[in-house]
Amino acid sequence: MTESTKSATLTIDGKSYELPIFSPTAGPDVLDVRKLYAQADVFTYDPGYTSTASCDSTITFIDGEEGVLLHRGYPIDQLASNSHYLEVCYLLLYGNLPTPAELEDFESRVTKHTMIHEQMMYLFRGFRRDAHPMAIMVGVVGAMSAFYHDSTDVTDEWQREVATIRLIAKMPTIAAMAFKYTIGQPFEYPKNDLDYASNFLRMCFAVPAEDYVVDPILSRAMDRIFTLHADHEQNASTSTVRLASSSGANPFACIAAGIACLWGPAHGGANQACLEMLKEIGTPDRIPEFIARAKDKNDPFRLMGFGHRVYKNHDPRATVMKESADEVLELLGVENNPVLQVAKELEKAALSDPYFAEKKLFPNVDFYSGIILEAMGFPTSMFTPIFALSRTVGWISQWKEMIADPQNKIGRPRQLYLGETQRDYVDIENR
């Protein structure tokens, strides 16, 4: 961290305290309150940490007001249009775009680690057939530390690297197996001659009875979904991974914690909620009714997949995702799928309505990714596991950065205690 060049004065009960101010390379200044408790015996109060920087980072930067998302300085739309997922993984992990030789080496290492330990197959059979794929992923990823003992020492840089490659490589296999298990089909092993996205699609949709050839349009769309969800700064699941790792927990446990947090409908379940809304609308002729409800302040109905908590003008990921959605729908068609018909008509209606423009309720990445995954044949229960697969590299990048940070210490948030003060125990017969 650079030295502070500015400061602010905080006065409490007539006594003043100088608080350093740090200026980032991008974004708002940060007020340093680390010594405030020791000096003034007060905490800061910030539920949800929405105004608190919990770390310094060089990985991802978001400017929600301007609709900017940068990975190591590169705009997300450029990466999604010109690059591919494993190249973006390299960028997030190591700080720069790889040379051809570096990318070939990285892709080779990932490809050679896609299989999981054969005994892990028994873990899947321990779940009920109707288990949610996210429940399976939380359990299986957390259990990886029981199979890969040579990559759990977080103080060893080489073991951290091995764990990184293993998690990125095996997550598609685990997600695909969770899917296959819940639909009662046999597992498909990965194939080393396929790219990352194609391999995942094949493991999800191939069956032993016939050959399966991955369509390049679907593979490209899948790769873009992975890329556009790779990292998103200090969100809830990333903060969970960082908090878990601050205790020195092994990387597999930390990533499992991130998956568990992502499972929440307010976080990773947004595209699933969007598809459920489209199914609720049912047919295109009902769209005006639901748009009217969305405008009614007294109606609890909200259009899912429109607007974004972070991005106030537009979601920079949505433009690229829309291109893929249009390509996939053209390839697979929407005529026989009422959900996709509703999605296309709803998008058209919302974009032409002045109310939505005024309220900045634009279709976001969840709207388009949900459409693509539905068209590909994924059930909504698989949307969040695919998100977890995509975000794994972001979690690991943040984890590696935190472990290597000399300022790293165990997370210990404070509280504003509003409970009872000390009182004496009363015997049960006297209560």
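The values are calculated or read from the model by the stated rules, or taken from the named source; none is laboratory data. Fair warning: this is a prediction, and the values are worked out from it, not measured in the lab. For neighbour counting, all protein chains shown are included, and Cβ atoms are generated from backbone atoms with ideal geometry for every residue, glycine included. Note: accessible area is taken over every heavy atom of the protein model, side chains too, but ligands, DNA and RNA are not part of it. Shrake-Rupley method; radii C 1.70, N 1.55, O 1.52, S 1.80 Å.
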Quick one: would you say ARG72 is open to solvent by less than 70 Å² (accessible area, probe 1.4 Å) and of a type in the set (Lys, Arg)? yes
Which residues, counting only those in region 348-372, are aliphatic (A, V, I, L, M) and within 9 Å of PHE306 (Cβ to Cβ)? ALA350, LEU361
Restricted to region 297-329 and to residues being of a type in the set (A, V, I, L, M, F, W, C) and assigned to a helix (DSSP H, G or I), the residue farthest from PRO284 (Cα to Cα) is VAL320
Any helices (runs of 4 or more DSSP H) falling wholly within region 330-431 and containing at least 2 residues that are under 30 Å from SER246 (Cβ atoms) and aromatic (Phe, Trp, Tyr): 383-403
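Could you identify the single residue in ASP315, ASP366 that is touching a Cys at 6+ places or on another chain (Cβ under 6 Å), in contact (Cβ under 8 Å) with a residue 24 or more places away in the chain, on the phi < 0 side of the Ramachandran plot and among the acidic types (Asp, Glu)?
Unique residue meeting the criteria: ASP366.
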Could you tell me which of the residues ALA163, ALA101 is open to solvent by 30 Å² or more (accessible area, probe 1.4 Å) and of a type in the set (Gly, Ala, Ser)? ALA101
Only one residue in ALA404, ALA349 is under 30 Å from GLY95 (Cβ atoms) and more than 15 Å from the chain's Cα centre (by Cα). Which one? ALA404
Counted residues in region 166-194 being under 28 Å from ALA80 (Cα atoms) and surrounded by fewer than 19 Cβ atoms within 10 Å (Cβ to Cβ) come to 5
What pairs can you find where one residue is in region 151-162 and without any contact (Cβ under 8 Å) to a residue 12 or more places away in the chain and of a type outside the set (D, E, K, R), the other is open to solvent by less than 40 Å² (accessible area, probe 1.4 Å) and not in a loop (DSSP other than H, G, I, E, B), and their Cβ atoms are less than 7 Å apart, with a gap of 6+ or different chains? GLN159/SER151
